[in-house]
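Report on the following structure.
The values are calculated or read from the model by the stated rules, or taken from the named source; none is laboratory data. In this text, all values refer to a predicted model and were calculated from it rather than measured experimentally. Because the Cβ atoms are built from the backbone with ideal geometry, glycine has one as well, and the counts that use them run over all protein chains shown. With ligands, DNA and RNA removed, areas are computed over all heavy atoms of the protein, side chains included. Shrake-Rupley method; radii C 1.70, N 1.55, O 1.52, S 1.80 Å.
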Amino acid sequence: MRKTNFSPAFVLMAVLFTVCLITSNLFAAKIFSVGKIALPCAVLLFPVSYILNDCFTEVWGYRKARLVIWIGFAMNLFVALMAMIAVALPAAPFWTGGEHFDFVFKMAPRVLLASLLAFLAGSTFNAYVLSKMKVAQGGKGFWFRAVISSLAGECLDSLIFMPIAFWGTPLEDLGWMMLCQVSFKVIYEILILPVTSSVVRKLKAVEGEDAYDTGVSYNPFKITDI
């Protein structure tokens, strides 16, 4: 592994990426509704991780985006395991918050597996599509590849998460939930795209980075290649 320097901006965004992932799991405990559409509050934060993923890939390249994705995966898994231990520990006799604590932090193993696999696959695919499109487009049209890559990643995420987490749900209901979730997240990204584009331009100027992934290994497990 060659020596690599990480700028303060990269580190800060990597931390924000990980916080968004972990917090979205906690927010998922609450469901909100707008008309006939019901969604977990995780959708308020989870799309931000895809926006940050776009920034990592566009500015620093696929290899560093892959590293951040795996860091986020590892931290998510760590917090989930610690939460399972905390839930399993016997509560003090005078403490009355057990039911509420368990409601937020207790996650079924199947849902945890679905969440982790979906995140890893969806985020990696998002970075892969954006990286490939950037080279093919010669660096032009960031807005287009940001939307297409997020759509690809979000679709794969939902295709993995929904069937595993909600196994046994009628296909019609499952399809409707997937459509609502993907649509909300992609629309979210489109609305905030002017901000994302501005951040990317400033990062490229300040960091002096504008990676083109030519000759890069897209093996998602080649973490040490940064």
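Quick rundown of the values:
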read-out: Test: residue in the stretch 157-173 that is part of a helix (DSSP H, G or I) and closer than 22 Å to TRP143 by Cα; value: yes
read-out: Residue within the stretch 112-124 that is under 14 Å from the mean Cα position of the chain (by Cα) and either β-branched (Val, Ile, Thr) or open to solvent by 60 Å² or more (accessible area, probe 1.4 Å) (or both) present; value: yes
read-out: Unique match (being touching a Leu at 6+ places or on another chain (Cβ under 8 Å), open to solvent by less than 50 Å² (accessible area, probe 1.4 Å) and under 27 Å from PHE10 (Cα atoms)) among ALA146, ALA211, ALA152; value: ALA146
read-out: Residue pairs meeting the criteria (Cβ under 9 Å; at least 6 apart or on separate chains; first closer than 13 Å to SER131 by Cβ, in the stretch 204-226; second of a type in the set (D, E, K, R) and open to solvent by 40 Å² or more (accessible area, probe 1.4 Å)); value: ASP210/LYS204; ALA211/ARG63; ASP213/ARG63; ASP213/LYS132; VAL216/ARG63; SER217/ARG63; TYR218/LYS132
read-out: Qualifying positions in the stretch 39-89 - assigned to a helix (DSSP H, G or I) and free of Cβ contacts under 8 Å to residues at least 12 places away in the same chain; value: ALA74, PHE78, LEU81, MET82, ILE85, ALA88
read-out: Residue match in the stretch 189-198 (condition: of a type in the set (Val, Ile, Thr), modelled with pLDDT of 90 or more and more than 29 Å from ILE37 (Cα to Cα)); value: no
read-out: Residue match in the stretch 139-152 (condition: charged (D, E, K, R), in a helix (DSSP H, G or I) and at pLDDT 90 or above); value: yes
read-out: Residue within the stretch 89-106 that is open to solvent by 50 Å² or more (accessible area, probe 1.4 Å), more than 20 Å from SER24 (Cβ to Cβ) and among the hydroxyl-bearing types (Ser, Thr, Tyr) present; value: yes
read-out: Where ALA14 falls short, out of the listed (1) hydrophobic (A, V, I, L, M, F, W, C); (2) open to solvent by 20 Å² or more (accessible area, probe 1.4 Å); (3) closer than 23 Å to PHE221 by Cβ; value: (2)
read-out: Residue ID - least open to solvent (accessible area, probe 1.4 Å), chosen from residues in the stretch 167-177 that are out of contact with any Phe, Trp or Tyr (no Cβ under 9 Å at 6 or more places or on another chain) and either of a type in the set (Lys, Arg) or within 20 Å of VAL34 (Cβ to Cβ) (or both); value: GLY175
